[in-house]
Amino acid sequence: MKQLKRERVFDLLKGDTRHLLENEINVKGWVRTRRGNKNVAFIALNDGSLIHSIQVVVDVKAFDNDELLRKITTGACISVNGKLVESQGKGQNVEIQALNIEVYGEADPEKYPLQKKGHTLEFLREIAHLRPRTNTFGAVLRLRHALSFAIHKFFNDNGFYYLHTPIITGSDAEGAGAMFRVTTLNLKDIPRTKEGEVDYSRDFFGKETNLTVSGQLEGELGALALSNIYTFGPTFRAENSNTSRHLSEFWMIEPEMAFYDITDNMDLAEAFLKYLISYLLENCEDDLLFLQKLYDEGLIDRLRHICDNTFERLTYTEAIEILEASGQKFEFPVSWGVDLQSEHERYLVEKHFRKPVILTDYPRDIKAFYMKLNDDGKTVRAMDVLFPKIGEIIGGSQREEDYEKLFGRIKEMGIHEEDVWWYLETRRFGTAPHSGFGLGFERLMLFVTGMGNIRDVIPFPRTPQNAEF
Ligand code: 4AD
Ligand code: MG
């Protein structure tokens, strides 16, 4: 077969193809469908560069290669040389009249799991190695890329530096205690101290280490030097929460800003979320339309609604009053001091305010040690951003910059000083007011795709009892 430069389907269907019309070109990709009759075959060919497939038309008689044509079934990978022509059919401007086809890889129709359309998302999770080849996951994965790109662009355009924080850590930033251990100790022959404890001095790092639950503490070290930084990396939580909004491995974006108070922090979070959603509306229309049609008819309206409305800001205490006065029957009863459940968050956002909500000033006892204590001594300068359908999408706070107060909180919560001495030193040397927050990347992906389960917005989800692919 003649060697020609490969054209991306994206460029053929979205770009200016005038210079290519009536010329012989090459496309490569996977067969989505094949239909037709004895005389003519129509192949929908997709290379993942966009949701749409290009139509390849084969004049079966003229082609005169039945054996080759038999191999062109759903899922097969082929390379096509053919003439690019204006399309007669509806739905596309151009199509390809095949001149030569090479089959790279067959996909036996009896065995290929994606032979038919309309598989459930649950079934697709069981074939996570193949599901990127579906239209749905093509759309999700392209949106994931666009969203990542927009995140970096937003921060770069606003003077933030991308800080790479470690994945293996010796500290527990959230105090949640649900961490994955990292060790090279032989589990069949664990070294012990004289007292019978595990002897971590013999472990790889000479101490106990874990996968990070958050890049924040190291992020603060960066902010107290570069002023504005952000992290964007994987984080790990070993909670056994099998919900549609929790992953054991998820990606988090954590900006941290010196000289920001909590209001600056809220302003940034709101501007950031609006920017990201507008970016997708402007740049990913085809994929959004596809997902809207298949999964969520209100999707694009809901995205626009976020961009067009000011987020409601109120304190935790005010929110509790609203919930108590609501007359709603909640599974988890509400009173001052309880941690809000997603049913409470969603009531505030979906029923009461009908727009995103930022709650501030939570009780100190349900929040992490690093949050700045308010003058009332009871609440901390926390802020959570709550979204429709999702609940909490961002968690953040102004940080306690006062050494004595922070030290007091560390003692109170039983955190070992020797684990966080380096963090404490930032408050001893050149401390500064500062703030930051963490955005759950997959929570935002859930929102922008309209998918119902967080396992369907990450290529290879890690959840309890599941790390196959
Ligand atoms: O509220 P979290 O636990 O906050 C922190 O980790 C802070 N260190 C952030 C900061 O201030 N720099 O987590 C932040 C966000 C949540 O709002 C949620 O969107 C997401 O991370 N998240 C999860 N996403 C998926 N699966 C999980 N198990 C998640 N846990 C938290
Ligand atoms: Mg939180």
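In segment 211-219, the count of residues that are within 28 Å of R455 (Cβ to Cβ), in a helix (DSSP H, G or I) and of a type outside the set (S, T, N, Q) is one or more. Before we move on, is I300 modelled with pLDDT of 95 or more and farther than 21 Å from S342 by Cβ? Yes. Checking the stated criteria, G452 turns out to be part of a loop (DSSP other than H, G, I, E, B) and either of a type in the set (K, R) or away from ligand 2 (no atom under 16 Å from the Cβ) (or both). Of all residues in segment 424-446, those satisfying the criterion of being open to solvent by less than 40 Å² (accessible area, probe 1.4 Å) and more than 16 Å from ligand 2 (Cβ to nearest atom) are L424, T426, R427, A432, H434, M445.
Note on segment 361-386: among residues that are under 15 Å from A319 (Cβ atoms) and either more than 13 Å from ligand 1 (Cβ to nearest atom) or open to solvent by 20 Å² or more (accessible area, probe 1.4 Å) (or both), the one that is farthest from the chain's Cα centre (by Cα) is T379. Restricting to segment 200-217, name every residue that is without any contact (Cβ under 8 Å) to a residue 60 or more places away in the chain and either of a type in the set (A, V, I, L, M, F, W, C) or open to solvent by less than 30 Å² (accessible area, probe 1.4 Å) (or both). D203, F204, F205, T209, N210, L211, T212, V213, G215 - these are the residues of segment 200-217 that are without any contact (Cβ under 8 Å) to a residue 60 or more places away in the chain and either of a type in the set (A, V, I, L, M, F, W, C) or open to solvent by less than 30 Å² (accessible area, probe 1.4 Å) (or both). For segment 32-66, taking the residues that are surrounded by fewer than 19 Cβ atoms within 10 Å (Cβ to Cβ) and among the aliphatic types (A, V, I, L, M), the one that is farthest from A107 (Cα to Cα) is identified as A62.
When each of Y104, Y112 is tested for being part of a strand (DSSP E or B), within 30 Å of P461 (Cα to Cα) and modelled with pLDDT of 95 or more, the lone residue that passes is Y104. Residues that are on the phi < 0 side of the Ramachandran plot and either in a loop (DSSP other than H, G, I, E, B) or more than 8 Å from ligand 1 (Cβ to nearest atom) (or both) were ranked within segment 389-404; the one that is most open to solvent (accessible area, probe 1.4 Å) is E404. The set of residues in segment 249-267 being away from ligand 2 (no atom under 16 Å from the Cβ) and either part of a loop (DSSP other than H, G, I, E, B) or open to solvent by 20 Å² or more (accessible area, probe 1.4 Å) (or both) consists of E249, F259, Y260, D261, T263, D264, D267.
Here I410 clears all of (1) more than 25 Å from E343 (Cβ to Cβ); (2) in a strand (DSSP E or B) except the condition numbered (2). For A325, are the conditions met, namely being modelled with pLDDT of 95 or more, buried (at least 20 other Cβ atoms within 10 Å of the Cβ) and among the small types (G, A, S)? Judged against the criteria, A325 is not a match. On the stretch given as segment 315-353, residues that are over 24 Å from the mean Cα position of the chain (by Cα) and outside any helix (DSSP H, G or I) total 15. Checking L21, L99, L69, L121 one by one, the residue that is closer than 28 Å to F469 by Cα and either open to solvent by less than 20 Å² (accessible area, probe 1.4 Å) or of a type in the set (A, V, I, L, M) (or both) is L121 and no other. May I ask you to verify whether E417 is within 16 Å of ligand 2 (Cβ to nearest atom), open to solvent by 10 Å² or more (accessible area, probe 1.4 Å) and not aromatic (F, W, Y)? Answer is no for this residue.
The values are calculated or read from the model by the stated rules, or taken from the named source; none is laboratory data. Just so we're clear, the structure is a prediction, and the values are computed from it rather than from any experiment. Using ideal geometry, Cβ is built from the backbone for each residue, glycine included, and neighbour counts are taken over all protein chains shown. Remember, those area values only see protein heavy atoms, side chains included, never the ligands or the DNA or RNA. Shrake-Rupley method; radii C 1.70, N 1.55, O 1.52, S 1.80 Å.
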